[in-house]
Amino acid sequence: MTQLTQGDTQHQQNAIYDFDTGLMTQSSDQNGQLTTYEYYPDSQRLYRVTRPDGGYTIMEYGDQLYADPDQSHLHSWTKTTTLIEGTKYLLKSGNTWMDGVRWLRTFGAQTTQGRATRDVEYDAMGRLVRNSNPYYSQSGASSAFNPAGLWASRL
C-alpha cells in the first residue's frame, strides 16, 4: 500500500503481489478501480495489463535473432497491442526491433504513407547517442536506419 497525504487529503493506492515470484498481479488506484497484470508462465515477462475500463494491453516477444537482408544486422522484437477503450474495440499496435547492441527501431500504425517509425542509437554502455525524428518506413525492419538522416538529438 502506498499512501500520500497532502494537507487534509489522503490518497491511497494498493497492490497485490504473487508470493512466489514477487510480481504484481493487481493494483487499485485512488478511486478503488482495479488493474490486473498477467505474465507468461515460462519467462515471467508481462503478458497482459487489463485496465478498469475494460481496455487492455498485450505484449509479445520475439527472442530469437532474426536476419535483415544484411546478415550482419540481427535483431529481436517486441509487439504491443492496446485496446484503447473497452467498449469500442479500437486497437493500437506497434513493434520495436532491437539488435541487442546499438539500435532500437519503433514502428507505429500502418498508414497509406508507410509505418510511422523512429530510430534510436545507443553506445556500448547503453547510453543514448542520438534518436531520429519520426518518419514513414515502407520496408519495415530491413530498411536503412533513419535514411534521411533526420536526427532529433546527438549527444
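Looking across segment 19-47, just one residue is at pLDDT 95 or above and among the charged types (D, E, K, R), and that is E38.
With respect to (1) at pLDDT 75 or above; (2) outside any strand (DSSP E or B); (3) within 19 Å of the chain's Cα centre (by Cα), the lone exception for D53 is condition (3).
The values are calculated or read from the model by the stated rules, or taken from the named source; none is laboratory data. If you're wondering where the values come from, they're calculated on a predicted model, not measured in any experiment.
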